[in-house]
Amino acid sequence: MATKALTSTRAALEGTTTWLALSDADGRVVYEWSSTDRLRRQLQRADVYAGVDLTVGAAGANGIGLALARRTSAIIHGTEHEDERWKGLTCAASPLLHPASREVLGAVNVTCLANETNPYLKLALRHVIDEVQTALSRASQARHRRLMEAHLRVKAGTRAAVVTLDRHTMIADGTGPAIGERAAIWALLEHAGPGAAEVALPAGGRARVVHVDRAEFTAGCSLVVGHVDAASFTQAPLRGDVPAAAAASLGPLEAAEREIIAGILHECDGNKSDAADRLQISRGTLYERIRRYGL
C-alpha cells in the first residue's frame, strides 16, 4: 500500500537526482528507488540499499533514524551525517503513523545531493507522506468496519465478555474483565498461530478464539472469555430489538455501528446496494440495521 503511493510519486521526481525510501518501524529499508543510476551506485558504495538498518544506533544521524526516534520530521544536511560517505547528501524523512493507534509504522525518506538541496525536497516529502497516510486511512476505515461487524456478530451469540482486535485496534464494550494490553494479547495470538482455538490470557483465565477471517489471520480475532459454543455465533443475527426512537439508549457498540452505517449511507447518497458493498454486509442485513436503528 505504502509502496504503491511511493511509486506514484516517482514520475514527479524524474529529471531530479533523488532517492526515495520506505523503512519499517525498526528502521530497516523495505523499499528504495533512485532517479539515476549514478545516485544508486553512490548510495550502494555508502552501504545504503534495501535491507540496511538506518536506526541512529546502527547508522548514526540520518533522516530515517531521527524521524523514527523523535516521531517527527527530520532533515539532515550533508555535513550533519556521522557517516563520512553520506556528507554529500541531504535527506528529509517523516514517520508514518497508524491512523487509529498512532503507532509508528515506519518512515518515508527523500534524499538529494547536498549541493542540489532546494525547497522541492520538503515539498516532495510532504506529498509522499500525504499520499501514504491517505491510503493508510482508507484501509484503516475498512478494517475498523470489518472488526466492528465481527465483534457485533460474536456478541450476538453469547453473554460472555468479548474483545475483538487486530495488530493495531482493540474493541471492547467495557463490561468484561480486564484481559491485558492489546499489544501483549496480539503477540500471544501470533505466537499461538492461526490454528489456535483457545488461548491463555496474560491477565489470567482462558478465551475462545474466533477469527474474523480464517483465510486471513491479520484480519483479527474475537476473544470470548468464558465457555460458549462457537457455532452459535458464526452466522448469528444481532440479539434484541432496539426501537427506532430509542437510538439514544443504545449501548456503545450499537451506537458506534449506527454511526458507521449512517455515515456510509450519507457517503453513498442513500444507495443501499453501494452502502452494503462498502460495509461488506448483505443488503438484507443492512435493511435490518436500518429498521433497527431508525435510519
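Here are a few things to note about the model shown:
- For the stretch 2-138, alpha-carbon Rg relative to the globular expectation (2.2 N^0.38 Å, N residues): 0.95
- Computed from phi, the 3J(HN,Hα) profile of the stretch 54-71 under the Karplus parametrisation 6.51, -1.76, 1.60 (θ = phi - 60°) reads 10, 5, 4, x, 8, 10, x, 5, 7, x, 4, x, 6, 4, 6, 5, 9, 6 Hz, with x in place of Gly and Pro.
- Here the stretch 183-228 is treated as a Stokes sphere of Kirkwood radius computed over C-alpha pairs; at 37 °C and 0.692 mPa s its diffusion coefficient rounds to 308 µm²/s.
- Farthest positive-ward along the stretch 55-209 dipole, Cα basis, beta-carbon charges - from 183, 118, 142: 142
- Hz values of 3J(HN,Hα) by residue in the stretch 269-286 - Karplus curve (6.51, -1.76, 1.60), Gly and Pro given as x: 6, x, 6, 6, 5, 5, 5, 4, 5, 5, 7, 6, 10, 6, 5, x, 5, 4
- Burial ordering of 155, 122, fewest other beta-carbon atoms within 10 Å first: 122, 155
- Partners for residue 122 among aspartates and glutamates (Cα-Cα distance below 20 Å; same-chain residues under 8 apart left out): 14, 32, 80, 130, 131
- Net lengthening on full extension, residue 280/residue 72 (0.36 nm per residue, minus Cα-Cα): 71.3 nm
Read-outs: derived from the displayed coordinates by stated rules, not from any lab. The structure displayed is predicted, hence computed values, not measured ones. Note that each Cβ is placed from the backbone with ideal geometry, even for glycine, and that neighbours are counted across all protein chains shown.
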